Amino acid sequence: FGGFLEHMGRAVYEGVYDPKSAHADRAGYRTDVLDALSRLKMTAMRYPGGNFASGYHWMDGIGPRDRRPTMRELAWQSLESNQFGTDEYIALCRRMGWTPMITVNLGTGTPEEARNWVEYCNAPPDSKYAQMRAENGAAETHNVKLWCLGNEMDGPWQLGHVPAGQYAIRAQQAGKMMKDVDKSIELVACGSCGVGMDTYMEWDRQVLEYMGDLADYISLHRYVGNHDDDTPDYLAVTASIDKQIEEMDTACRFVQAKTRSKKRAYLCFDEWNVWYRNHQADGAGKHAPHLIEEVYNLEDALVVAGFLNSFIRHADSVKIANIAQIVNVIAPILTRGDEMLLQSIFYAFEMFATRGTGVALQIGVDGPAYASKTYGEVTTIDTSAILDGDTLQVFATNRSLTDSAEFEIAVADRAIAGFNSGEVLTGPDPKAANSYEQPNLVTTGPLKGVEIKGGVATVMLPPLSVAAMTLKLGT
Ligand code: AHR
């Protein structure tokens with residue numbers, strides 16, 4: 001249930017950090033946005049990019065603010081004022097309870113620059129970069145345990161893109177030096193950034209083989225959309241997310257077997273979301289331009305729920321996942337001046353993340369199915385479940401556009417004894433979206449009518465809905 005905050009568009013400036021806003025606190029953070037984000041109980045927060053990371057030099061963003069340079073950044077053709085940098089990000093993570101997760105620059109940066117960033121964050125203040133941190137106000141270490149070795153380095157659009165073999169060398173050099181500074185850190189190697197890439201799987205095999213046990217995780221990215229305006233097909237995309245995860249896990253297991261290693265790399269799905277309508281990605285030399293401010297509707301919320309169901313079903317291999325992004329840029333939250341809007345996908349994420357602790361269960365669905373145009377046959381209900389002691393969390397999406405579904409829940413070796421709470425997210429039609437004029441068109445309401453009989457729970461799911469419920473198990 002991680003997030004992703006990139007220096008892109010209005011994600012940082014006018015998003016989480018906006019000293020001029022009526023909602024700004026003394027440090028310049030936007031309290032309305034942070035209050036909304038705290039409802040999402042996000043875990044790891046990836047930063048500072050994204051494509052931005054591949055041209056970013058972290059030292060531009062530390063020290064007295066009036067001495068930080070304004071840079072012309074090339075990923076999004078924007079101006080970067082550097083008023084928000086490493087120390088502001090860490091302060092935000094501490095305040096929000098997020099685990100920091102930093103992407104180093106392996107595009108235009110050097111392995112040594114990446115190593116120095118680890119020293120700045122994690123070393124005691126008795127050497128050059130760690131002393132700088134102390135001078136900038138943090139005697140205590142920032143203790144950043146998760147580090148991504150570049151971003152989407154398989155993509156020709158990436159600053160400093162190179163073929164797999166060359167990336168693997170860079171990543172190995174950086175990763176080794178970074179772990180030499182702090183051996184407790186964990187590293188995410190760049191994997192294939194999309195299932196459509198020509199180098200899909202082969203990139204991953206080469207990188208994992210070369211990096212050996214240095215790679216704790218390999219990254220996956222996925223953006224989906226209703227390109228053909230075919231809602232049933234779009235809602236079936238979950239099947240291909242399952243497939244992508246299983247393929248990448250296969251690459252990890254293949255390399256582990258081939259190299260006879262005791263260690264298997266796990267999956268870090270560090271960018272995922274719906275993104276297909278707004279491709280405004282050229283900042284035209286402006287600071288905080290409006291970039292990819294996607295507006296989300298009900299069907300998008302169901303697809304977001306599908307991603308989360310898939311991650312829970314694959315929790316044995318997917319150890320980290322970050323929705324891209326958190327505010328304004330393809331995000332659950334939008335701002336307009338001092339106003340704020342919660343999008344449909346906000347509610348889907350909230351329903352899951354607030355029920356996110358425990359052990360993911362193996363689930364089976366028995367019920368109606370349909371043949372989708374692109375992704376094969378899928379069951380009408382998409383589901384996942386988490387067990388935490390005697391508490392059972394169940395998530396279910398009804399993909400039918402027209403029919404309610406009677407949804408029966410049974411646990412193989414336990415009886416369901418009670419219903420604690422539940423919400424359902426739905427709306428008037430698949431294209432319904434919240435707006436500043438109608439902010440509550442697509443939102444959650446209480447899930448009613450859960451019946452428990454003979455250790456089994458039953459509830460009616462409306463068409464085009466996501467439900468989440470917390471049940472109590474007996475013996
Ligand atoms: O999230 C927006 C962009 O999408 C990221 O910067 C990049 O990694 C991906 O292509």
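Which residue out of Pro125, Pro156 is open to solvent by 10 Å² or more (accessible area, probe 1.4 Å), of a type outside the set (A, V, I, L, M), within 25 Å of the chain's Cα centre (by Cα) and over 19 Å from Val188 (Cβ atoms)?
It is Pro156.
Of these, Arg68, Arg26, Arg10, which one is open to solvent by 50 Å² or more (accessible area, probe 1.4 Å), out of contact with any Phe, Trp or Tyr (no Cβ under 9 Å at 6 or more places or on another chain) and not hydroxyl-bearing (Ser, Thr, Tyr)?
Only one candidate passes the filter, namely Arg26.
Considering only residues that are more than 11 Å from the chain's Cα centre (by Cα), farther than 19 Å from Arg30 by Cα and in a strand (DSSP E or B), which ones fall in the stretch 309-335?
Val318, Lys319, listed by residue number.
Could you say which residue among Arg222, Arg277, Arg253, Arg264 is part of a loop (DSSP other than H, G, I, E, B), among the basic types (Lys, Arg), out of contact with any Ser or Thr (no Cβ under 7 Å at 6 or more places or on another chain) and farther than 22 Å from Thr443 by Cα?
It is Arg264.
Within the stretch 275-294, can one find any residue that is more than 22 Å from Ser344 (Cα to Cα), buried (at least 21 other Cβ atoms within 10 Å of the Cβ) and either without any contact (Cβ under 8 Å) to a residue 60 or more places away in the chain or of a type in the set (Lys, Arg) (or both)?
no
Which members of the stretch 188-207 meet the condition of being under 13 Å from Gln256 (Cα atoms) and either open to solvent by less than 10 Å² (accessible area, probe 1.4 Å) or within 13 Å of the ligand (Cβ to nearest atom) (or both)?
Those that are under 13 Å from Gln256 (Cα atoms) and either open to solvent by less than 10 Å² (accessible area, probe 1.4 Å) or within 13 Å of the ligand (Cβ to nearest atom) (or both): Asp204, Val207.
Taking the stretch 9-26 on its own, how many of its residues are away from the ligand (no atom under 16 Å from the Cβ) and farther than 13 Å from Gly85 by Cα?
10
Condition test on Asp388, is it surrounded by 21 or more Cβ atoms within 10 Å (Cβ to Cβ) and touching a Gly at 6+ places or on another chain (Cβ under 6 Å)?
No.
Would you point out which residue out of Glu80, Glu6 is closer than 30 Å to Ile312 by Cβ, within 16 Å of the ligand (Cβ to nearest atom) and acidic (Asp, Glu)?
The unique qualifying residue is Glu6.
The values are calculated or read from the model by the stated rules, or taken from the named source; none is laboratory data. Note that the structure is a prediction, hence the values are computed from the model and not measured. Note that each Cβ is placed from the backbone with ideal geometry, even for glycine, and that neighbours are counted across all protein chains shown. Ligands, DNA and RNA are excluded from the accessible area calculation, which covers all protein heavy atoms including side chains. Shrake-Rupley method; radii C 1.70, N 1.55, O 1.52, S 1.80 Å.
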